[in-house]
């Protein structure tokens, strides 16, 4: 049996500015006034938000997969890796929430 699981990470950076915002300092359309890596605006009238979407595609149900031997060990390693990745993402989100609320 083969696994069709795949994983995906999408990062959306959203920029919002007032309708009457004066864009002359940015050099025209298409130039942004925020640091995408930091997710921060370089201008007080611009609000920048980052949204990270992570799809881990679920874990293998070992009992239902009828995997044996090497396939069973591989499924166990995959499940452990997914659990660890999920824990890391949770800790990163919790850390970011603490920084934001402080």
Quick one: count up the residues across the range 47-92 that are over 16 Å from residue 7 (Cα atoms) and without any contact (Cβ under 8 Å) to a residue 24 or more places away in the chain. 14
Could you figure out which of (1) closer than 30 Å to residue 16 by Cβ; (2) modelled with pLDDT of 80 or more; (3) loosely packed, with under 13 Cβ neighbours inside 10 Å isn't true of residue 50? (3)
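Mind checking which residues of the range 66-95 are within 22 Å of residue 51 (Cβ to Cβ) and at pLDDT 85 or above? Talk me through it step by step, then tell me what you get.
Pass one, the range 66-95, residues within 22 Å of residue 51 (Cβ to Cβ): 82, 85-95.
Answer for the range 66-95, where residues must be within 22 Å of residue 51 (Cβ to Cβ) and at pLDDT 85 or above: 85, 86, 87, 88, 89, 90, 91, 92, 93, 94, 95.
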Has the range 22-45 got at least one residue that is modelled with pLDDT of 80 or more, touching a strand residue (DSSP E or B) at 6+ places or on another chain (Cβ under 8 Å) and at negative phi? no
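The values are calculated or read from the model by the stated rules, or taken from the named source; none is laboratory data. If you're wondering where the values come from, they're calculated on a predicted model, not measured in any experiment. Please note: Cβ atoms are built from the backbone with ideal geometry, for glycine as well, and neighbour counts cover all protein chains shown.
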